[in-house]
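Okay, so here's the structure we're looking at.
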Amino acid sequence: MKKTALMFPGQGSQYQGMGIKFLEDNPKYMAYIKQCNQAMGIDILEIIAEQPHTLSQTEYSQPAIYSLSCAYYDYLKENTSLAIQADAVIGHSLGDYSALYASGGCSFYEGLNLVIYRSKIMAEQNHLNPGMMAAVLGQEYTMVEELIKELKINIYIANYNSHNQIVLSGLKQDMVKAIEQLKHNGVRKILPLKVGASSHCPLMEPVARKLKSYLNNNLTIGDLNIPFFSSSGKKWIVAEEVKEILEKQLITPINWLDSVIKLLNEGFNAFVEIGPKNVLASLVLRISQSERNSIEVFDFEDNLDTLLNDFKNKEGTDEA
């Protein structure tokens, strides 16, 4: 039997043209994009299609990724038994918001307004204090941790993505210095991310305070119909903990590595990425290989036909 986790990606997974063919083939789900347009007062689909530089900006990428991820999820929910069979939802940073929607903890529109507000205050903070994030690839994370300590500047580990991939976060001028020094110390592959902020570190404290106020005043968390695993808290959470997790994850590292290992140890053997690209699917596959686990990994954009076949239509399942 499959023990299945649904995964939702975060900022950085956006790309020009994402979701357009799906929306053309399934116009019903354009409603999610139209709600995003109305809430933001812009044409987000035009930005997705024609303005990659604009799409990379926080205030546009986050609502676009959230809206598309939710559309993908509801397509699977309506055309397969995947949602019924799911044993967990897990998000990577922004992906927590799509995961919350999928779990039943909020409506699409509530989540959309929350994401729009979050992206706006993050962009404002970045305007005041320009930040930067960069992935360090091909190095054991423990080695990079030691190098960061030796640098003695305000650079933080924001994401533990796998055994040999972490993400650094900090003010732009400090990150430039850190990258130079890391390369001098033999770190060869450092990739700046398409993220205009210094997320998941203490520099986001002002944003976290604003988000906390918004959450307390504007959102009531409903029952979580699918168990929710927090990749920042590295634990299962209940509805009463969601607001605190969403607030704290702005200043807390995302530990995707430990979270996936915990799910593997609990017997999860099928992981489905629901959102643009296949970054999380690739990370999970590498982690499982390092842990010597045999699993199935799917992503919506590349494996839709397989998903439709493996997780049979609800009506077909009931008839069988």
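The values are calculated or read from the model by the stated rules, or taken from the named source; none is laboratory data. Being a predicted model, the structure only gives us computed values, none of them experimental. We place every Cβ from the backbone using ideal geometry, glycine too, and count neighbours over all the protein chains shown. Protein only, heavy atoms only, side chains kept; ligands, DNA and RNA dropped before computing areas. Shrake-Rupley method; radii C 1.70, N 1.55, O 1.52, S 1.80 Å.
With θ set to phi - 60° and the Karplus curve 6.51 cos²θ - 1.76 cosθ + 1.60, what are the ³J(HN,Hα) couplings of segment 60-66 in order, to the nearest whole Hz, using x for Gly and Pro?
10, 5, 5, x, 5, 5, 4
Using DSSP, restrict attention to beta bridges with both residues in the chain and report what percent are antiparallel, rounded to the nearest 5.
Around 55 percent of the beta bridges assigned by DSSP in the chain are antiparallel ones.
³J(HN,Hα) across segment 215-220 via Karplus (A = 6.51, B = -1.76, C = 1.60, θ = phi - 60°), whole Hz, x for Gly/Pro?
These are the phi-based 3J(HN,Hα) values: 4, 5, 9, 10, 9, 10 Hz.
Provide the net charge surrounding A270, with neighbours chosen by a C-beta distance below 11 Å and charges set as Lys +1, Arg +1, Asp -1, Glu -1.
-1
Using a 1.4 angstrom probe on heavy atoms only, work out the carbon and sulfur share of the accessible area of the chain in %.
47 percent
Counting every Cα pair in segment 50-96, what percent are over 14 Å apart? Don't jump to the answer; show the numbers that get you there.
Values: 663 of 1081 pairs.
The calculated P(r) of segment 50-96 puts 61 percent of pairs beyond 14 Å.
Out of every Cα pair in the chain, what percent are spaced more than 24 Å from each other?
Values: 26544 of 51040 pairs.
Pairs farther apart than 24 Å: 52 percent.
Dipole of segment 1-87, Cα-centred, from +1 at each Lys and Arg C-beta and -1 at each Asp and Glu C-beta, to the nearest 20 debye? Walk me through the numbers before you get to the answer.
Details: 6 positive and 9 negative charges, 74 e Å.
So the magnitude is around 360 debye.
Any idea what the alpha-carbon Rg over 2.2 N^0.38 Å comes to for segment 148-189?
1.11
Does anyone have the angle between helix 300-310 and the longest principal axis of the chain? Alpha-carbon axes, 0 to 90°, nearest 10?
40 degrees
With n ≥ 4 as the cut-off for DSSP H runs, can you work out [θ] at 222 nm for the chain, using -39500 (n - 2.57) per run divided by the number of residues, rounded to the nearest 500?
Theoretical 222 nm ellipticity from helices: -15500 deg cm²/dmol.
Cα convex hull of segment 124-228: mean projected area in nm², to one decimal?
In nm², the orientation-averaged hull projection of segment 124-228 is 8.4.
Restricting things to Cα coordinates, could you compute the convex hull volume per residue of segment 70-193 in Å³? Numbers along the way, then the final one.
Details: hull volume 16.0 nm³, N = 124.
So the per-residue Cα hull volume is 129 Å³.
Only residues of segment 164-187 count here: report those whose backbone N is under 13 Å from the spot 7 Å along Cα→Cβ of L137, or say none.
Within reach of a label on L137: 164-167.
For segment 146-295, just the Cα set please: Rg and Dmax, both in angstrom.
So, for segment 146-295, Rg and Dmax equal 17.2, 51 Å respectively.
Any idea what the alpha-carbon Rg over 2.2 N^0.38 Å comes to for segment 234-301?
1.21
What is the distance in Å between the Cα centroid of segment 231-274 and that of segment 182-217?
If we compute the Cα centre of each part, the gap is 18 Å.
Rank L94, N113, T80 by how far each Cα sits towards the positive end of the charge dipole of segment 45-192 (+1 on Lys, Arg Cβ; -1 on Asp, Glu Cβ) and give me just the farthest.
Going by the Cα projections, it comes out as L94.
For K277, go through the lysines and keep the ones whose alpha-carbon is under 18 Å away, minus same-chain ones fewer than eight residues off.
Straight-line reach from K277, under 18 Å: K21, K194.
Given the pairs K212/K234; K152/K183; K34/K312; K210/K235; K34/K248, which span a C-alpha to C-alpha distance of over 22 angstrom in this model?
From the list (K212/K234; K152/K183; K34/K312; K210/K235; K34/K248), the Cα-Cα distance tops 22 Å for K34/K312; K210/K235; K34/K248.
Go through H184, H53, H163 and list them by solvent-accessible area, largest first, probe radius 1.4 Å.
H184, H53, H163
How much accessible area per residue does the chain have, in Å², with a 1.4 Å probe? If you can, show how the numbers build up before the last one.
Numbers: 14030 Å² over 320 residues.
Solvent-accessible surface per residue comes out at 44 Å².
Distance in nm between label sites at Y15 and L128, each 7 Å beyond Cα in the beta-carbon direction?
The answer from the label model is 3.5 nm.
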